[in-house]
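Any read-out appearing in this document is the output of simple, stated calculations on the displayed coordinates, not a laboratory observation. No experiment lies behind these values; they were computed from the predicted model shown. Methodologically, a virtual Cβ is constructed for each residue, glycine included, from the backbone with ideal geometry; neighbour enumeration extends over all protein chains shown.
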Amino acid sequence: MNNNDLVPDFDDEKDDSLKITLEKADGVEKGLLIILNGYIDTYNSVYFQKQIGKVVATGFVNLIFNCSNLNYVSSTGIGSFTSFLKLVKAKNGDIVLLNIQSKVYEVFQLLGFSQFFNIKEGIEDAIQHFNEVPVAEVSVFPKIFSCPVCSRKLKASKSGRFRCSDCKAILAIDQKGSVFLG
């Protein structure tokens, strides 16, 4: 199977500095494995963005980028990944970056972008990421509890610090609803 079988007209354009190979991501709904070989910089980032735009326009919104043969990414290239993330998130998709070389990962870290991306070591971890069911946050607030000093019944609408209305003790309540002095 070649790239055009998955994304029509994908191979109509080429760039010698970045080779992109597409494979169906088995086990991931609307998923595609994108294998990058070369580098991404200011000069080829427009090509990169155009190609991934074609992928998303075809309906693939859960993208796994295999970066094992990606030996350089400039800040412009990281900007491309960021724009892809915004694009697929708007369509209920996500991105996973796989097998990032240490020198490329350092660029992500230095620019503060490593926290925005799901970075995994293997394809199995990436597939698992897309198949995890998000756990809905259950709020414990508003919470009614007894002051640990005077036993007065109090109500907290959110986590934080406050004073007991009777004994004036300073109390703290965490996001899980646990109450502490102080």
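For the range 38-145, a simple Cβ point-charge model (Lys and Arg +1, Asp and Glu -1, everything else neutral) yields a dipole of about 380 debye relative to the Cα centre. For the options K54, K143, K14, a Gaussian network treatment of the chain with springs between C-alpha atoms closer than 10 Å singles out K143 as fluctuating the most. Fully extending the segment from D15 to K103, taken as 0.36 nm per residue of separation minus the present Cα-Cα distance, adds 29.4 nm.
Each helix, a run of at least 4 DSSP H residues, gives -39500 (n - 2.57); summed and divided by the residues of the chain, these come to -8000 deg cm²/dmol at 222 nm.
The distance between label points at K176 and K89 comes to 2.8 nm (points 7 Å beyond Cα on the Cα→Cβ vector). With a ≥ b ≥ c the root eigenvalues of the C-alpha gyration tensor of the range 1-78, is it rounded (a/c under 1.5), prolate (a/b larger than b/c) or oblate? Judged from the Cα gyration tensor, the range 1-78 comes out prolate (a/c at least 1.5, a/b above b/c). Overall, the range 6-56 carries a charge dipole of about 120 debye about its Cα centre when +1 sits on the Cβ of Lys and Arg and -1 on the Cβ of Asp and Glu, all other atoms neutral. For the chain, the spread of Cα positions along the three principal axes, ordered from largest to smallest, is 75, 32, 25 Å.
Relative to the dominant Cα principal axis of the chain, helix 75-89 is inclined by about 70°.
One chain, two ends: K155 and K50. Fully extended at 0.36 nm per residue, the span grows by 32.4 nm beyond their Cα-Cα distance.
Among the GluC sites (Glu not before Pro) in the range 1-38, those placed in a DSSP loop whose Cβ has at most 15 other Cβ atoms within 10 Å are E13, E29.
Against the longest principal axis of the chain, how steep is helix 45-57, in degrees 0 to 90 to the nearest 10, with axes from Cα atoms? Once rounded, the angle reads 80 degrees. In this label model, N37 and S75 are separated by 3.1 nm, measuring between points 7 Å along each Cα→Cβ vector. Going by a ≥ b ≥ c, the root eigenvalues of the Cα gyration tensor, does the range 76-182 fall in the rounded group (a/c under 1.5), the prolate group (a/b larger than b/c) or the oblate group? Verdict is prolate for the range 76-182. The spacing between the range 122-182 and the range 42-85, judged by their C-alpha centroids, is 40 Å. Across the chain, Cα pairs under 8 Å and at least six residues apart give a relative contact order of 14 percent. Modelled spin labels at T58 and F141, positioned 7 Å past Cα toward Cβ, are 4.6 nm from each other. Just list whichever of K14/K103; K86/K176; K91/K143; K89/K143; K30/K176; K30/K86 have alpha carbons separated by over 28 Å in the model shown. Cα-Cα > 28 Å for K86/K176; K91/K143; K89/K143; K30/K176; rest within.
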